[in-house]
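The block underneath contains the structure these notes are about, expressed in structure tokens.
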Amino acid sequence: MKNQLTIISTVVTTLLGILLASCVGNPSASIVTVTPGGIVPAVYQTTPTVAPIPESGFDAEEQLLISIYERVNPSVVNIDVGISAHVTGSGSGFVWDTAGHIVTNNHVVADANEIVVTFYDGQVADAELIGTDVYSDLAVVRVDVPTDWLHPVTLGDSDTLRVGQRVVAIGNPFGLNSSMTTGIISALGRTLPSAQMLERTPVGFSNPSIIQTDAAINPGNSGGPLLNSRGELIGVNTAIRTETGTFSGIGFAVPVNTVRRVVPQLIERGYAEYPWLGISVDSTFTVAELAEPLNLPVTHGVLIDEVVPGSPADQAGLQGSNSQVIVRGRRINVGGDIIIAINNTPIRDMDALVAYLVSNTSPGDVVILTVVRGEETFDIAVTLGVRPR
């Protein structure tokens, strides 16, 4: 019996030695526990990995954000405006080029009789208004300063944006110069009526493809840049949704690809031209919502309510509504053509049609509309006009 216990003890000691050696050579190996009942594997454990403290004292994300701020902040300016002897306003802007052009929001400089630009380092210069556009809520001012004051932003591509992508806003909220906030893209493809950006603008046209973000945007941020993780401009902060006048988690920015199309026009001639089709729609219901009650042959598209006389749509032969029906207790106009595609690109609704026209066409372009009229589906060529100003 004594010999048997000695043999068992020797075996146990040998096994423990092997297991412990294995653990030493492999820090992630299982840890064992010896009990009166034998060898019992403990819960699988790993040696905790502790990230080394970076020499700079900042982790990778902090270093990225610091780098963006230090590279782009010299491009961002504060804009103070005088509207009358007793009314002033302020906002943000950013350097567009080394010729002294600075981009901001139209509503920041509208009706201003004096515009003062303050650079990140405290240098101050008077600015002249070069051009404005109420539809995109963009404006350009110009300063006559040494070129070493001017650090133009780098433009990104808003067509490649994705919901969830990190964004950075730099501006002057509440007059606090050079403030930086971070967040994500909350949604894409929002539409803001021009009148929502500037209440004096008559409703009738919208600004499509708007970026929604949760990066904090407050009064004074208007006109400042919205940036991606590479420090590239992807939008111009323009509005917030709020019931208190301060940020409540929803901000909006004009996409940079709209800025690319509008700003050069403002610099060249002081205003921007947009393509115009010349139709109106009843926004009470979408085609998708009307498809079943009206027995429509399609479930997407733009149901034309009215064709503006003499417009490109009128000249091309598009037709508006010819009767009325009651749907869910609401009286709506029906019987008009349904536009389901433009240049072979399917159109979901009016917002999508406007977004396509603004992003992909110019006045004078010929577009091919795919139209459903009754039981027929056919193509119509339309030469786009210039949106009435």
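Show the residue pairs meeting these rules: Cβ distance below 6 Å; 6+ apart or different chains; first residue within the range 239-259 and under 16 Å from Asn221 (Cα atoms); second residue at pLDDT below 75 and charged (D, E, K, R).
Ile250/Arg241
Is it the case that Ile368 is part of a strand (DSSP E or B), touching a residue at least 12 places away in the same chain (Cβ under 8 Å) and farther than 26 Å from Phe285 by Cβ? Full working, then the answer.
On the way: part of a strand (DSSP E or B): yes; touching a residue at least 12 places away in the same chain (Cβ under 8 Å): yes; farther than 26 Å from Phe285 by Cβ: yes.
Answer is yes for this residue.
Quick one: which strands (runs of 3 or more DSSP E) sit completely within the range 37-100 and have at least 3 residues that are modelled with pLDDT under 65? Show your work before the answer.
Numbers: elements: 38-41, 76-82, 88-95.
Strands (runs of 3 or more DSSP E) meeting the threshold: 38-41.
When only residues in the range 240-297 that are charged (D, E, K, R) and farther than 28 Å from Leu369 by Cβ count, which is modelled with the lowest pLDDT?
Ranking the candidates gives Glu243 first.
Taking Gly301, is it under 22 Å from Gly385 (Cβ atoms), surrounded by fewer than 18 Cβ atoms within 10 Å (Cβ to Cβ), in contact (Cβ under 8 Å) with a residue 12 or more places away in the chain and not assigned by TED's automatic domain parsing to the domain that holds Ile211?
Numbers: under 22 Å from Gly385 (Cβ atoms): yes; surrounded by fewer than 18 Cβ atoms within 10 Å (Cβ to Cβ): no; in contact (Cβ under 8 Å) with a residue 12 or more places away in the chain: yes; not assigned by TED's automatic domain parsing to the domain that holds Ile211: yes.
No; evaluated as a whole, the condition is false for this residue.
Mind listing just one residue for me: the one in the range 371-389 that is surrounded by 12 or more Cβ atoms within 10 Å (Cβ to Cβ) and not in a strand (DSSP E or B) and, of those, nearest to the chain's Cα centre (by Cα)?
Result: Arg387.
Take the conditions within 29 Å of Arg389 (Cα to Cα) and surrounded by fewer than 21 Cβ atoms within 10 Å (Cβ to Cβ) and apply them to Gly278. Does it pass?
On the way: within 29 Å of Arg389 (Cα to Cα): yes; surrounded by fewer than 21 Cβ atoms within 10 Å (Cβ to Cβ): no.
No.
Of all residues in the range 338-351, how many are over 16 Å from Glu289 (Cα atoms) and either of a type outside the set (Val, Ile, Thr) or surrounded by 14 or more Cβ atoms within 10 Å (Cβ to Cβ) (or both)? Break it down stepwise before answering.
First pass over the range 338-351, keeping only residues over 16 Å from Glu289 (Cα atoms): 341-346.
Remaining after also requiring either of a type outside the set (Val, Ile, Thr) or surrounded by 14 or more Cβ atoms within 10 Å (Cβ to Cβ) (or both): 341-344, 346.
Going through the range 338-351 one residue at a time, the tally reaches 5.
Residues are listed down the side, and each one gets a yes or a no for (1) within 14 Å of Val263 (Cβ to Cβ); (2) in the same structural domain as Ser67 (by TED's automatic domain parsing):
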residue	(1), (2)
Trp96	yes, yes
Gly100	yes, yes
Ala112	no, yes
Ile115	no, yes
Phe119	no, yes
Tyr135	yes, yes
Val141	yes, yes
Asp144	no, yes
Ala169	no, no
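Given (1) touching a Gly at 6+ places or on another chain (Cβ under 8 Å); (2) under 30 Å from Ala139 (Cα atoms); (3) crowded, with 17+ Cβ neighbours inside 10 Å, identify the lone condition not met by Val307.
(2)
The values are calculated or read from the model by the stated rules, or taken from the named source; none is laboratory data. Note that the coordinates shown come from a computational prediction; the quantities given were computed from them, not determined experimentally. Ideal geometry is used to build each Cβ from the backbone, glycine not excepted, and the neighbour counts take in all protein chains shown.
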